[in-house]
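First comes the structure, then the notes that go with it.
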Amino acid sequence: MSNLLIKPQTHDKTYHSLTAEQAGWTYLNFEAKILEAGEQIVGDTGEYEYCFALLGGNFKVEAAGQVWETGNGRKDVFSGIGHAMYLSRRTPFVLTAQSPGTDIAICKVLSDEDHPPRMKRPEEAAIEYRGGDNANRQINSLLEPGFGCHKIVCVEVYTPSGNWSSFPAHKHDERKVAEDGTLLEANLEEIYFYKIDKPQGYAIQQVYTEDRSLDEIIRVKNNEAVLVPKGYHPVVAGHGYNVYYLNFLAGSDQSLANTSDPDHDWIYGTWKGADPRLPIVTAEMNG
């Protein structure tokens, strides 16, 4: 089994709990939890900034003298767009699940900055369609580059059955800056956290470097995660199965600046059409 593939703890309400140390990198810590109605997470962000991404259900967050409620949370990731709750460092909080089986993904990253807490709601998420033909997919920005935080970026991606995604392949493992100061590539760690619309479904992800010192092909099933410490990392959805993945990223910059695999640059601009199955989800589906 690939050491980049992280399988869930199937009999634990906290079905993922991965520290940066366990991952062998610096920034990203990741959890995924199922909470029953009324169940709470009571904590303090300490020296970390947090992003709570709502995968399904509803929750309320009390922090910094304010209260936020999702209200129109989606039933699951294929039934709408996610809410994202951002909390800065040194913030005590109480998160209360407001529906049965509330499913939450959590990212936390060490920070030495302070930013205002904010709930990003589904109707605020920018929707983008990348690629074309059978490399067409939907990207919803939850904590996008430019969001008021320190390091975290969070997006969710929907890839229709049989389509390629994160393709042509790109990487973001070396910080590169142009002579005019423009950031060309950020150095980022990344987690791909998967949901598949049928329990037997799967996706295939490759993670590889130019010199092939890292070159893995991984079959990923529902609720599994793939670590991307470096290299290019394309995905393909198994035929018959719509694939969702939540990306958490953090590193040198709060940015998605990347470099594409030059072997496949010729593909850009060759697409003839858009996939009529997109969008897979909209904010109007929520609630």
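Based on protein heavy atoms only, the range 166-287 ends up with 46 Å² per residue of surface accessible to a 1.4 Å probe.
Restricting the calculation to Cα atoms, the chain shows an Rg/Rh of 0.95 when the hydrodynamic-style radius is the Kirkwood one.
Residue ranking by accessible heavy-atom surface, 1.4 Å probe, largest first, among Tyr241, Tyr194 comes out as Tyr241, Tyr194. Residue farthest toward the positive end of the dipole of the chain, with Cβ of Lys/Arg at +1 and Asp/Glu at -1: which of Ile106, Asn3, Thr70? Positive-most Cα among the choices belongs to Thr70. Whole-Hz Karplus values for the range 220-232 come out as 10, 10, 4, 6, 8, 10, 10, 8, 10, x, 6, x, 7 Hz, taken residue by residue from phi with 6.51 cos²θ - 1.76 cosθ + 1.60 and θ = phi - 60°; glycine and proline positions read x. Just the protein heavy atoms count here, and of the accessible area of the chain at 1.4 Å, carbon and sulfur take up 48 percent. Across all directions of projection, what mean area in square nanometres is found for the Cα convex hull of the range 47-144? That works out to 7.1 nm². Using the Cα centre of the chain as origin and beta-carbon charges of +1 (Lys, Arg) and -1 (Asp, Glu), tell me which of Cys149, Pro116, Leu278 is placed farthest towards the positive end of the dipole. Result: Leu278, furthest along the dipole toward the positive end. For the residues Arg89, Arg118, Arg74, a 1.4 Å probe over the protein chains yields an accessible-area ranking, largest first, of Arg118, Arg89, Arg74. Taking Glu144, Glu21 and ordering them by how much accessible surface each has at a 1.4 Å probe, largest first, produces Glu21, Glu144. Near Leu54, once Lys and Arg are set to +1 and Asp and Glu to -1 for all other residues with Cβ below 9 Å from its Cβ, the sum equals 0. From largest to smallest, the equivalent ellipsoid semi-axes obtained for the range 37-88 from the alpha-carbon gyration tensor read 21, 12, 10 Å.
The charge dipole of the chain, taken about the Cα centre with unit charges on the Cβ atoms of Lys, Arg (+1) and Asp, Glu (-1), comes to about 860 debye, rounded to the nearest 20.
Of the residues Gly131, Ala250, Ser161, the one whose Cα sits farthest towards the positive end of the charge dipole of the chain is Ser161 (charges of +1 on Lys and Arg Cβ, -1 on Asp and Glu Cβ, taken about the Cα centre). Residues whose amide H comes within less than 5 Å of that of Arg137, counting only those at least five positions distant or on another chain, are Arg130 (H built at 1.01 Å from N in the peptide plane).
Accessible area of Lys198 (1.4 Å probe, protein heavy atoms only, ligands and nucleic acids ignored): about 80 Å². The figure for Tyr202 is an accessible area of roughly 70 square angstrom, using a 1.4 Å probe on the protein chains alone. In the complete set of protein chains, residue-level accessible area for Arg90 is approximately 140 Å², probe 1.4 angstrom. For the range 163-284, the fraction of C-alpha pairs farther apart than 18 angstrom is 58 percent. Between amide H atoms placed 1.01 Å from N, distances below 5 Å from Arg175 occur with Asn187, all of them 5 or more places distant or on a separate chain. Over all other residues within a Cβ to Cβ distance under 13 Å of Ala203, the charged ones net out to +3, with Lys and Arg as +1 and Asp and Glu as -1.
The values are calculated or read from the model by the stated rules, or taken from the named source; none is laboratory data. A quick note: this is a predicted structure, and the numbers were derived from the prediction, not measured. Backbone-built Cβ (ideal geometry, glycine too); neighbour counts: all protein chains shown. In case anyone asks, the SASA skips ligands and DNA or RNA and just uses the protein heavy atoms, side chains included. Shrake-Rupley method; radii C 1.70, N 1.55, O 1.52, S 1.80 Å.
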